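Asker: What follows is a structure written as structure tokens; I'll ask about it next.
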Amino acid sequence: MFCNLFNNCFTNCHRHSSYFSDCHQHNNCFGRCCNHYCCIGPTGPTGPIGPRGPVGPMGPAGELSSSFIFSRIIFPSLVDVENPIPFPFEILSNGISNPLPFTTFTFAQTGYYLINLTITTDIQQITTVLVDTGGPQATTYTLSPSNENKVLSIILAVNEVGSTLQFINSLGTGNITSANLTMTKIAEI
């Protein structure tokens, strides 16, 4: 509904021009009335949400920005004492390789790595052996004696490209039911 102020403006506009079409040439009376006075009613309620648009095209494949690996043991296995534990199933990898016989991980980048090993086993002691040009560096971890899920978390400093890592069963023959191993580069050295 138009207000009286609009009518007054419209009338004043016509006083300056003999044609309504010329109104806009005289200081845009019509537009000024609507912009400065209450000439139009209140805004109505918002309508319902429209239908969802189509799914866009798939983006390019992502890339792992740093060194990473995820390996698994999914079949029960027996590991003799002082033998390296094999991780034969490599699902994802970048910058770390684990070729046959799947017991030795090789690093293509230096850095600090977070290693998480979740393992169902009766093995009670695992030793990690990192080898670079300075020779082997070994660290031994003691696990609970039961045959249950065990978790081992390690931060490993890899100082040289081409360094290798093995996980050794270092206390008695042990059975492994399953295991998940992830190694992720978390910082530069």
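Asker: Would you point out which residue out of F102, F89, F70 is of a type in the set (F, W, Y) and either modelled with pLDDT under 90 or over 24 Å from the mean Cα position of the chain (by Cα) (or both)?
Answerer: F102
Asker: Something else about it: Does region 148-160 include one or more residues that are open to solvent by less than 60 Å² (accessible area, probe 1.4 Å) and either touching a residue at least 60 places away in the same chain (Cβ under 8 Å) or in contact with a helix residue (DSSP H, G or I) (Cβ under 8 Å, 6 or more places away or on another chain) (or both)?
Answerer: Looking for residues that are open to solvent by less than 60 Å² (accessible area, probe 1.4 Å) and either touching a residue at least 60 places away in the same chain (Cβ under 8 Å) or in contact with a helix residue (DSSP H, G or I) (Cβ under 8 Å, 6 or more places away or on another chain) (or both), one finds none in region 148-160, hence no.
Asker: Just checking, which of N149, N159, N180, N169 is at pLDDT 95 or above and either in contact with a Gly (Cβ under 6 Å, 6 or more places away or on another chain) or closer than 14 Å to I73 by Cα (or both)?
Answerer: Result of the check over N149, N159, N180, N169: N180.
Asker: For region 33-50, state whether one or more residues are in a loop (DSSP other than H, G, I, E, B), within 30 Å of Y141 (Cα to Cα) and at pLDDT 90 or above.
Answerer: So far as region 33-50 goes, no, none of its residues is in a loop (DSSP other than H, G, I, E, B), within 30 Å of Y141 (Cα to Cα) and at pLDDT 90 or above.
Asker: Follow-up. Could you tell me which residue of region 73-99 is farthest from T128 (Cα to Cα), considering only residues that are part of a loop (DSSP other than H, G, I, E, B) and among the charged types (D, E, K, R)?
Answerer: Selected residue: D80.
Asker: Right, something else. Test R72 against the stated conditions and say whether it is among the basic types (K, R) and either open to solvent by less than 50 Å² (accessible area, probe 1.4 Å) or free of Cβ contacts under 8 Å to residues at least 40 places away in the same chain (or both).
Answerer: No: the conditions fail for R72.
The values are calculated or read from the model by the stated rules, or taken from the named source; none is laboratory data. This one's a predicted model, so the numbers in the text were calculated from it and none came from an experiment. All Cβ positions, even for glycine, are placed from backbone atoms using ideal geometry, and neighbour counts span all protein chains on display. Protein only, heavy atoms only, side chains kept; ligands, DNA and RNA dropped before computing areas. Shrake-Rupley method; radii C 1.70, N 1.55, O 1.52, S 1.80 Å.
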